[in-house]
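For reference, the structure is listed below as structure tokens.
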Amino acid sequence: MAEQVSLFNTLTRRVEPLTPLAPPRVTLYTCGPTVWNYAHIGNFRTFLFEDLLRRWLEYAGYQVFQIMNLTDVDDRTIKAARTAGKQLAVHTAPFTQAFFEDRDYLRIKPAHVYPRATEYMPAMIALVARLLERGVAYKGEDGSVYFAIAKFPTYGRLSRLDRREIKVGARVASDEYAKDDPSDFALWKKADAEDEAVGAAWDAPFGRGRPGWHLECSAMALAEIGKRFAVQTLDIHGGGVDLIFPHHENEIAQSEGATGQVFARHWLHGEFLNVRGSKMSKRHGNFLTARDLREQGVDAAAVRLLFFQTHYRQPVDFTDEALEAAKEGVRRLGEFHQRLQGAGSRERGAELDKLAERLEADVATALNDDLNAPRAVAALFDFVRAVNRELDKPVAPAGTARALAAFVRVTDVLDVLPTARSADPALARWVEERIVARAQARKSKDFKVADVIRAELLAKGVEIEDTPQGTKWRLR
Ligand code: AMP
Ligand code: ZN
């Protein structure tokens, strides 16, 4: 293993070395979107920090197996389906599809599996049955099944809430008197008329009903790692900070209450994306979706760079100015990339090689240290400045291959180059060759030929600009 990755663990409140159960494998479960509506970019801030985590672990030599669930049955999806006058599955299908499109737009690496809650009913029912069997769950007077937190002594360990705070946090519901303790939470909710109307009710030995949201994640996570790796412990479990309590606290109680084994070794939580200081959310009405940005023609690279400029455990305020600055940063990276490609020569250059090594070392140090993306981004821009200085020298540096390789390795992890970088190397070589031919034509005052070459380039989507430093090109 080349890299020692350390990450802040919410469970211990410390940055700790990642120690997977069976390296190089890392099992990663990330709570996915609730597909009642379009995900907003606050949700995607969390998914993007998880994307960076995944990419960095892979860079570090781990084989990551990522599971991201889709919450396609819960209070919100049922209510939204009811309002739309549709069956649950009909209502959620287009939002699931939209989520995948937005994920691709934002260049988020697909998880290995996307379990949908509605497709895991047997696993969920089996988990409830097991908790009943073990005496940590009970059927309430209202016909729902509850988890008895009094039977799980370590309840509250993740969120570090004491009993009093847990009580305050517990939702005051009309079914309160059906529970032994107001803080007990529902594992299985007895089906009501609304659930039946939208097709959100399933038969179970303990009564017809539907799973609670917390139960879904436990059941899907355990089912997936159990079937694939014959384990009941995740290496990493992630989500946004709002999930620490009660969602993740409850996931731990349900999973460990059933298996008697540690549910997740490392808990990671990303901070919020805010708008003028308050959390971006549908409820506050201050949200922007990924499709809004795409429609505005915003390059996903700018969104990624904007988010990665702040550490995942710090809140980010989303502003137009910050987005503009990120767009400018992406443009500079794209220009630099082309310049470096264009300046290619086969010999090696000691100065550039040194800068390349420093870039890789600085980025590794930064990301190994609790995924410090802002420091990695700063190292990248330091590199751009330093290499540009070398390239500006009247005597061009000897070789750029090593520098280019380092730049590509690092930008592959962050994935922050402009979309047009899909210019493949063969095209880039051809462009360079045409630019040289055009310069020769101009030198011999053969302007007709020069214009023909410019048109040829344009036909392939390549724009050129003559500057005092030479001819620059970019893809339209
Ligand atoms: P949901 O679709 O509501 O189940 O949430 C999906 C993910 O987005 C969860 O990990 C939440 O913690 C996260 N999340 C929700 N709102 C925000 C926000 N404003 N900033 C960052 N993450 C968020
Ligand atoms: Zn979850």
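The values are calculated or read from the model by the stated rules, or taken from the named source; none is laboratory data. Everything numeric here is computed off the predicted structure, so don't read it as measured data. Cβ atoms come from the backbone with ideal geometry, glycine included; neighbour counts cover every protein chain shown.
Among the residues of the range 98-115, the one identified as within 25 Å of PHE245 (Cβ to Cβ) and in contact with an Asp or Glu (Cβ under 7 Å, 6 or more places away or on another chain) is PRO115.
Looking across the range 257-272, the residues that are within 25 Å of GLN63 (Cβ to Cβ) and away from ligand 1 (no atom under 11 Å from the Cβ) come down to THR259, GLN261, VAL262, PHE263, ALA264, ARG265, HIS266, TRP267.
Of the strands (runs of 3 or more DSSP E) that lie entirely inside the range 174-256, those containing 2 or more residues that are under 31 Å from the mean Cα position of the chain (by Cα), closer than 20 Å to ASP72 by Cβ and more than 16 Å from ligand 1 (Cβ to nearest atom) span 185-190. Checked against the criterion of being over 11 Å from the mean Cα position of the chain (by Cα), within 15 Å of ligand 2 (Cβ to nearest atom) and touching a residue at least 12 places away in the same chain (Cβ under 8 Å), the candidates THR30, THR10 yield just one match: THR10.
Among the residues making up the range 267-285, those that are more than 15 Å from LEU243 (Cβ to Cβ) and either in contact with an Asp or Glu (Cβ under 9 Å, 6 or more places away or on another chain) or of a type in the set (Lys, Arg) (or both) are ASN274, VAL275, ARG276, GLY277, LYS282, ARG283.
Table: residues versus (1) part of a helix (DSSP H, G or I); (2) of a type outside the set (Val, Ile, Thr); (3) touching a residue at least 40 places away in the same chain (Cβ under 8 Å).
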site	(1), (2), (3)
ALA379	yes, yes, no
ARG402	yes, yes, yes
ARG409	yes, yes, yes
LEU417	no, yes, yes
ASP466	no, yes, no
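The listed residues are TYR59, TYR38, TYR114, and the only one of them that is crowded, with 17+ Cβ neighbours inside 10 Å and within 14 Å of ligand 2 (Cβ to nearest atom) turns out to be TYR114.
Filtered by the rule that a residue be of a type in the set (D, E, K, R), assigned to a loop (DSSP other than H, G, I, E, B) and buried (at least 16 other Cβ atoms within 10 Å of the Cβ), the range 69-103 gives ASP72, ASP74. Of all residues in the range 257-267, those that are in contact (Cβ under 8 Å) with a residue 24 or more places away in the chain and away from ligand 2 (no atom under 13 Å from the Cβ) total 7.
Taken as a whole, the range 59-70 holds at least one residue that is among the small types (Gly, Ala, Ser), touching a residue at least 60 places away in the same chain (Cβ under 8 Å) and in contact with a helix residue (DSSP H, G or I) (Cβ under 8 Å, 6 or more places away or on another chain). Taken together, the residues in the range 293-317 that are without any contact (Cβ under 8 Å) to a residue 60 or more places away in the chain and within 15 Å of ligand 1 (Cβ to nearest atom) amount to 4.
Which of the residues belonging to the range 56-112 are in contact with a strand residue (DSSP E or B) (Cβ under 7 Å, 6 or more places away or on another chain), of a type outside the set (D, E, K, R) and within 16 Å of ligand 1 (Cβ to nearest atom)? The answer is GLN66, ILE67, MET68, LEU70, THR71, VAL73, THR77, THR96, ALA111.
Applying the criterion of being acidic (Asp, Glu) and closer than 26 Å to LEU359 by Cα to the residues of the range 407-440, the residue that is modelled with the lowest pLDDT is ASP424.
The set of residues in the range 364-381 being under 19 Å from the mean Cα position of the chain (by Cα) and within 17 Å of ALA403 (Cα to Cα) consists of ALA376, VAL377. In the range 238-256, the residues that are assigned by TED's automatic domain parsing to the domain that holds VAL26 reach residues that are β-branched (Val, Ile, Thr) and not in a helix (DSSP H, G or I) with C-beta atoms within less than 6 angstrom, at least six apart or across chains, in these pairs: GLY238/THR30.
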